[in-house]
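Visitor: Next up is a structure, given as structure tokens.
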Amino acid sequence: QVQLVESGGGLVQPGGSLRLSCAASGSAFSMSTMGWYRQAPGKQRELVATISNVGLTNTADSVKGRFTISRDNAKNAVYLQMNSLKSEDTAVYYCYADRWYGHSWSEYWGQGTQVTVSS
């Protein structure tokens, strides 16, 4: 049973930084794509950034230049370095991962970690 566990969320002032971590456990094979999504109060869940198993990234325009995604394939882990945080970044951040399993692609989600940017 694959589980994604996030950590690193918390309360930070505008302009501050946080680093989110997510590790996949219970998997015998490496994940294909891993990434981060977020959901703010009253809003739909949106993509923040993803990274493939070969290092190709996709980053939302709203966070380009401020957030950097990276991964450690050996650990099935993904990270999100968040700099110059804004109030608009306040959301629950969810780790995402997928892989080929059985006869189709399987998607996995973490339980989420709260990021609050406020003065």
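Please treat every number below as a calculation from the coordinates, not as lab data. Computed from a prediction, not measured in an experiment: that's the story for all the values here. For neighbour counting, all protein chains shown are included, and Cβ atoms are generated from backbone atoms with ideal geometry for every residue, glycine included.
Visitor: What ratio of Cα Rg to 2.2 N^0.38 Å holds for the chain?
Guide: Dividing the Cα radius of gyration by 2.2 N^0.38 Å gives 1.03.
Visitor: I'd like the Karplus ³J(HN,Hα) series for the stretch 5-18: coefficients 6.51, -1.76, 1.60, θ = phi - 60°, whole numbers in Hz, and an x wherever there's a Gly or Pro.
Guide: Each residue of the stretch 5-18 in turn: 10, 9, 7, x, x, x, 9, 9, 7, x, x, x, 10, 9 Hz.
Visitor: Another one. Report the charge-dipole magnitude of the chain in Debye, nearest 20, computed about the Cα centre from +1 at each Lys and Arg Cβ and -1 at each Asp and Glu Cβ.
Guide: 140
Visitor: To the nearest 0.05, what FRET efficiency results for GLN44 and TRP100 with a Förster distance of 35 Å applied to their C-beta separation?
Guide: Efficiency, from the Cβ-Cβ distance: 0.80.
Visitor: Report ³J(HN,Hα) in whole Hz for each residue of the stretch 38-54, in order, from the Karplus equation J = 6.51 cos²θ - 1.76 cosθ + 1.60 where θ = phi - 60°; Gly and Pro get x.
Guide: Once rounded to whole Hz, the list reads 9, 9, 8, x, x, 10, 7, 5, 10, 6, 9, 6, 9, 9, 7, 6, 10.
Visitor: Compute the FRET efficiency between SER119 and ASP72 as 1/(1 + (r/R0)^6), taking r as their Cβ-Cβ distance and R0 = 25 Å, and round to the nearest 0.05.
Guide: Once rounded, the FRET efficiency stands at 0.15.
Visitor: For the stretch 70-119, restrict the atom set to alpha-carbon positions and state the Rg and Dmax in Å.
Guide: 14.3, 48
Visitor: Right, something else. Just need the relative contact order of the stretch 1-107 here, percent rounded to a whole number, with Cα pairs under 8 Å and 6+ apart.
Guide: 33
Visitor: Another one. Roughly how many whole Å is it from the C-alpha centroid of the stretch 30-69 to that of the stretch 83-119?
Guide: If you average the Cα positions of each part, the centres end up 8 Å apart.
Visitor: Something else about it: Grab the Cα-Cα distance for LYS64 and VAL5, subtract it from 0.36 nm times how many residues apart they are, and report the gain in nm with one decimal.
Guide: 18.8 nm
Visitor: Average the reciprocal distances over every distinct pair of alpha-carbons in the stretch 1-55, invert the result, and give the Kirkwood radius in Å.
Guide: Here the Kirkwood hydrodynamic radius works out to 13.4 Å.
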